[in-house]
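The values are calculated or read from the model by the stated rules, or taken from the named source; none is laboratory data. Please read these numbers as outputs of a predicted model, since none were measured by experiment. Every residue, glycine as well, gets a Cβ built from its backbone with ideal geometry; the counts of neighbours run over all protein chains shown.
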Amino acid sequence: MGNPDHGDSIRIIHKALDAGINFVDTADVYSQGESEEIVGKALNGRRDNVVLATKVHYPMDDDPNHLGNSRRWIMTAAENSLRRLKTDHLDLYQIHRPDPTVDIEETLSAMSDLIHSGKVRAIGASGFPPSEIVEAQWVAERRGLERFRTEQPPYSILNRGIEREVLPVCQRYGMGTLVWSPLSQGLLTGRFRKGQQTDTHRSGGMPQHFTNERKLDVVEQLIPIAEGAGLPMTHLAMAFVIAHPGVTSAILGPRTMTQLDDLLASADVTLDDEILDRIDEIAPPGTDTASNDVAYTPPAVTNTSLRRRPAAERSAA
């Protein structure tokens, strides 16, 4: 999914830092630790100037104990990330997704101990639904534990669902919001047009996302808005997510230096109310244009047994 050339990736990171970016986000699961290793190399000699974040949750191998949000795995995974990142502390350690098999108190307790040991400065979540963000805040307060300071959800013009509850909840609790996929996995670059053949390799093996008719219809309506404003589509998309007062930062994911240059140029773009109103008409506030492919789906939706009584009980009724 990313750039496998370590040297090229390091040069991209260095240019981003030179341009004034001071926040780097990664995760242990990205290329099974290789992303953290690249970041560790890139930050050699520059670590003190960067807010460094990584995540834990997803399986790192076939071992059933090497995943999730349990105390056992969090403590082990944190040490592994510190080693790969070549640092003695993480500025932000995030729970990559909820884990319904682990009580949130256990998770927060482990994360709190990492803070108290000096290995972590602050903790956050990623992809948590609003109810679980609130629960984590309540548990932290009632149990005297460290609380989540940030949430990292997907957000773009095509996927505005977090405007309904996630962003307001984060604002209510004073949490930073580090949104990702502001270009909607590349759809908002304008390269993928309705009726054109999709390059499945460049789409990361997810051709269905790039051929979604509803999303492509919205993209076609957005392109003339960007052109009328004299903006590349990428700049329109980035400026849109930053315009929300609940958004702290938008995470860039360039694979090439050219992509980085384009995204850096969007930093100074501000959209006026007229453009934002037109976007609202095309992609209504608080709604996802189509299913959000990268959002967290709770077990109550994906697990059939949680939605149906056992057959014996149904027949008895």
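Quick check on the stretch 134-143. Is at least one of its residues crowded, with 21+ Cβ neighbours inside 10 Å, on the phi < 0 side of the Ramachandran plot and out of contact with any helix residue (DSSP H, G or I) (no Cβ under 9 Å at 6 or more places or on another chain)?
No, because not a single residue in the stretch 134-143 is crowded, with 21+ Cβ neighbours inside 10 Å, on the phi < 0 side of the Ramachandran plot and out of contact with any helix residue (DSSP H, G or I) (no Cβ under 9 Å at 6 or more places or on another chain).
What's the total number of residues in the stretch 34-47 that are charged (D, E, K, R), farther than 21 Å from residue 178 by Cα and either assigned to a helix (DSSP H, G or I) or touching a residue at least 60 places away in the same chain (Cβ under 8 Å) (or both)?
3
Could you tell me which residue of the stretch 107-158 is nearest to residue 283 (Cα to Cα), considering only residues that are acidic (Asp, Glu), outside any loop (DSSP other than H, G, I, E, B) and more than 19 Å from the chain's Cα centre (by Cα)?
Here the answer is 135.
For the stretch 266-288: of the residues being among the β-branched types (Val, Ile, Thr) and part of a loop (DSSP other than H, G, I, E, B), which is nearest to the chain's Cα centre (by Cα)?
Taking the candidates together, the pick is 287.
May I ask you to verify whether residue 291 is free of Cβ contacts under 8 Å to residues at least 60 places away in the same chain and not in a loop (DSSP other than H, G, I, E, B)?
When the stated conditions are applied, residue 291 does not pass them.
Looking only at the stretch 254-302, count every residue that is closer than 15 Å to residue 162 by Cα, touching a helix residue (DSSP H, G or I) at 6+ places or on another chain (Cβ under 6 Å) and loosely packed, with under 15 Cβ neighbours inside 10 Å and tell me the total.
Looking only at that region, the number is 2.
So residue 81 fits all but one of (1) assigned to a loop (DSSP other than H, G, I, E, B); (2) under 18 Å from residue 125 (Cα atoms); (3) touching a residue at least 40 places away in the same chain (Cβ under 8 Å); what number is the exception?
Looking at each condition in turn, residue 81 falls short on (1).
Can you name every residue in the stretch 117-161 that is polar (S, T, N, Q) and either over 13 Å from residue 105 (Cα atoms) or in contact with a strand residue (DSSP E or B) (Cβ under 6 Å, 6 or more places away or on another chain) (or both)?
The answer is 117, 126, 131, 150, 152, 156, 159.
Return yes when residue 266 is of a type in the set (S, T, N, Q), under 15 Å from residue 183 (Cα atoms) and out of contact with any Ser or Thr (no Cβ under 7 Å at 6 or more places or on another chain) and no when it is not.
no
Among the candidates 246, 230, 253, single out the residue that is closer than 14 Å to residue 184 by Cβ and either over 17 Å from the mean Cα position of the chain (by Cα) or not in a helix (DSSP H, G or I) (or both).
253
Starting from residues that are free of Cβ contacts under 8 Å to residues at least 24 places away in the same chain and more than 21 Å from residue 267 (Cβ to Cβ), keep the ones in the stretch 5-33 and report whichever is surrounded by the most Cβ atoms within 10 Å (Cβ to Cβ).
5
Just for the stretch 83-104: of the residues that are among the acidic types (Asp, Glu) and surrounded by 16 or more Cβ atoms within 10 Å (Cβ to Cβ), which one is farthest from residue 68 (Cα to Cα)?
Restricting to residues being among the acidic types (Asp, Glu) and surrounded by 16 or more Cβ atoms within 10 Å (Cβ to Cβ), the top hit is 91.
Would you confirm whether or not the stretch 211-220 contains a residue that is more than 15 Å from residue 158 (Cα to Cα), of a type outside the set (Lys, Arg) and either at pLDDT 95 or above or in a loop (DSSP other than H, G, I, E, B) (or both)?
No, the stretch 211-220 contains no residue that is more than 15 Å from residue 158 (Cα to Cα), of a type outside the set (Lys, Arg) and either at pLDDT 95 or above or in a loop (DSSP other than H, G, I, E, B) (or both).
The conditions are (1) within 30 Å of residue 303 (Cα to Cα); (2) touching a helix residue (DSSP H, G or I) at 6+ places or on another chain (Cβ under 9 Å); (3) surrounded by fewer than 16 Cβ atoms within 10 Å (Cβ to Cβ), and residue 63 fails exactly one of them. Which is it?
(2)
Going through the stretch 105-123 one residue at a time, which ones are more than 18 Å from residue 70 (Cβ to Cβ) and of a type outside the set (A, V, I, L, M, F, W, C)?
Answer for the stretch 105-123, where residues must be more than 18 Å from residue 70 (Cβ to Cβ) and of a type outside the set (A, V, I, L, M, F, W, C): 116, 118, 121.
Which of the residues that make up the stretch 159-210 are part of a helix (DSSP H, G or I), more than 20 Å from residue 226 (Cβ to Cβ) and modelled with pLDDT under 90?
Scanning the stretch 159-210 gives 207, 208, 209.
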